[in-house]
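Chemist: Pasting a structure here, questions to come.
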Amino acid sequence: MIARGLFHSIKALSKNGLLALEFETPVNKNDLVRFKDSYGRENKAYEGKKFTKKIGSKFIKLKKPKSGKKISYVIRGVKITVEIHKNFKNLVNNKMSTIFGILDGSVEDQHGRSVLSYGDIIRTDTLKKLSEVFKINKKLVVLKLAK
């Protein structure tokens, strides 16, 4: 997990390639800064929509499940599940090392201030601690990653 706002790049060291999942938030990329770029894009703005392609049929398209249901996918031995939760009960029963990406909804304090929302990445152990003080507002849609 890479903290929000840090300069980063990834490189496959394995001959088998790399499976990476990146949450890009916010959607507005006008503040993108390329510090070093192997493709000659240093000091250039984000490419924008003209460089965006529609996802082809060979790629997995994640779908939002109905409330109380989940949809699972397996990619290179990694199980990815999209789930909807209205409380912490089932979330905190996962392995402590399970990683979640928040896709929709939020975790809030008693004054309605968000402490966790879309784009945030969190593990079960941290969710368990948050569940002792905070509550899920409406429904939380999460992407769960587990081996």
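Chemist: Residues in the range 78-94: is at least one at pLDDT below 90, in contact with a Leu (Cβ under 8 Å, 6 or more places away or on another chain) and among the basic types (Lys, Arg)?
Modeler: Scanning the range 78-94, I find at least one residue that is at pLDDT below 90, in contact with a Leu (Cβ under 8 Å, 6 or more places away or on another chain) and among the basic types (Lys, Arg), so the answer is yes.
Chemist: I've got another one for you. What is the number of the single condition among (1) touching a residue at least 60 places away in the same chain (Cβ under 8 Å); (2) over 17 Å from the mean Cα position of the chain (by Cα); (3) surrounded by 18 or more Cβ atoms within 10 Å (Cβ to Cβ) that Ser67 does not meet?
Modeler: Tallying (1) touching a residue at least 60 places away in the same chain (Cβ under 8 Å); (2) over 17 Å from the mean Cα position of the chain (by Cα); (3) surrounded by 18 or more Cβ atoms within 10 Å (Cβ to Cβ), Ser67 fails exactly one: (3).
Chemist: If I filter the range 113-120 for residues that are out of contact with any Asp or Glu (no Cβ under 9 Å at 6 or more places or on another chain) and at pLDDT 90 or above, do I get at least one hit?
Modeler: Yes, the range 113-120 has at least one match.
Chemist: Cβ-Cβ under 9 Å, sequence separation 6+ or interchain: first residue in the range 6-27 and closer than 21 Å to Lys61 by Cα, partner of a type in the set (Asp, Glu) and modelled with pLDDT of 80 or more. Which pairs?
Modeler: Phe23/Asp120; Thr25/Asp120
Chemist: Pull up the range 106-131, narrow it to residues that are hydroxyl-bearing (Ser, Thr, Tyr) and surrounded by fewer than 15 Cβ atoms within 10 Å (Cβ to Cβ), then point me to the one that is nearest to Gly5 (Cα to Cα). Write out each step before concluding.
Modeler: Restricting attention to the range 106-131, the residues satisfying the condition of being hydroxyl-bearing (Ser, Thr, Tyr) are 106, 114, 117-118, 124, 126, 131.
Imposing the further condition that a residue be surrounded by fewer than 15 Cβ atoms within 10 Å (Cβ to Cβ) reduces the set to 114, 126.
Details: Ser114: 19, Thr126: 20 Å.
That would be Ser114.
Chemist: For the range 136-147, what are the residues that are in a strand (DSSP E or B) and either in contact (Cβ under 8 Å) with a residue 40 or more places away in the chain or in contact with a helix residue (DSSP H, G or I) (Cβ under 8 Å, 6 or more places away or on another chain) (or both)?
Modeler: Residues satisfying the conditions are Ile136, Lys138, Lys139, Leu140, Val141, Val142, Leu143, Lys144, Leu145, Ala146.
Chemist: Starting from residues that are basic (Lys, Arg) and closer than 20 Å to Lys69 by Cβ, keep the ones in the range 80-105 and report whichever is surrounded by the fewest Cβ atoms within 10 Å (Cβ to Cβ).
Modeler: If we take residues in the range 80-105 being basic (Lys, Arg) and closer than 20 Å to Lys69 by Cβ, then Lys89 is surrounded by the fewest Cβ atoms within 10 Å (Cβ to Cβ).
Chemist: So, one more: Can you tell me which residue among Ser38, Ser57 is over 16 Å from the mean Cα position of the chain (by Cα), at pLDDT below 70 and of a type in the set (Gly, Ala, Ser)?
Modeler: Ser57
The values are calculated or read from the model by the stated rules, or taken from the named source; none is laboratory data. What you are looking at is a predicted structure, and each value in this text was computed from that prediction instead of being measured. For neighbour counting, all protein chains shown are included, and Cβ atoms are generated from backbone atoms with ideal geometry for every residue, glycine included.
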